[in-house]
Amino acid sequence: MQRLCIIIGSLAGFGAVAMAAFAAHGIGDPAALRIVESGVRMQGWHALALLGVALWLPRGGRLAQAAGAAFTAGIVLFCGAVYSLALAGISWGVLAPTGGILLMLGWLLLAASAWRAR
């Protein structure tokens, strides 16, 4: 699981940088640019969170594993929905809010894993 969190976090970080570069050079609509920047910000921060989870996993146990899963699902749902809306005008309804809730849950699970660690 530790390797998986590092791989996913690294790929999410790569994707955030790539999307930021695309947004800076390929999006002319200011409203779409703001939306993409929000997704990039969340993706970048949570890529780092996944790397932190990977470092914590040996002590954090199942709650840390659940935090990593929540961060991963949250990135996919939130950022995917945000990018889809900004780039294609397609709204996925509750996927972005669900992803946001998963990102917040990931932080709570990470805190709980530290609280329970010995």
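The values are calculated or read from the model by the stated rules, or taken from the named source; none is laboratory data. Everything numeric here is computed off the predicted structure, so don't read it as measured data. Reconstructed Cβ throughout: ideal geometry from the backbone, glycine too, with neighbour counts over all protein chains shown.
Cβ-Cβ contacts under 6 Å between residues 6 or more apart (or on different chains), taken from a first residue in region 7-22 that is free of Cβ contacts under 8 Å to residues at least 60 places away in the same chain to a second residue that is polar (S, T, N, Q) and part of a helix (DSSP H, G or I), are listed as 16/43. Of all residue pairs spaced 6 or more apart or on separate chains, those with beta-carbon atoms under 8 Å, a first member in region 44-72 that is within 11 Å of residue 5 (Cα to Cα) and a second member that is among the charged types (D, E, K, R) are 54/3. In the set 28, 15, only one residue is modelled with pLDDT under 95, of a type outside the set (Phe, Trp, Tyr) and either within 14 Å of the chain's Cα centre (by Cα) or not in a helix (DSSP H, G or I) (or both); that residue is 28. For region 21-62, the set of residues classified as more than 29 Å from residue 111 (Cβ to Cβ), surrounded by 15 or more Cβ atoms within 10 Å (Cβ to Cβ) and either of a type in the set (Gly, Ala, Ser) or touching a Cys at 6+ places or on another chain (Cβ under 7 Å) (or both) consists of 23, 32, listed by residue number.
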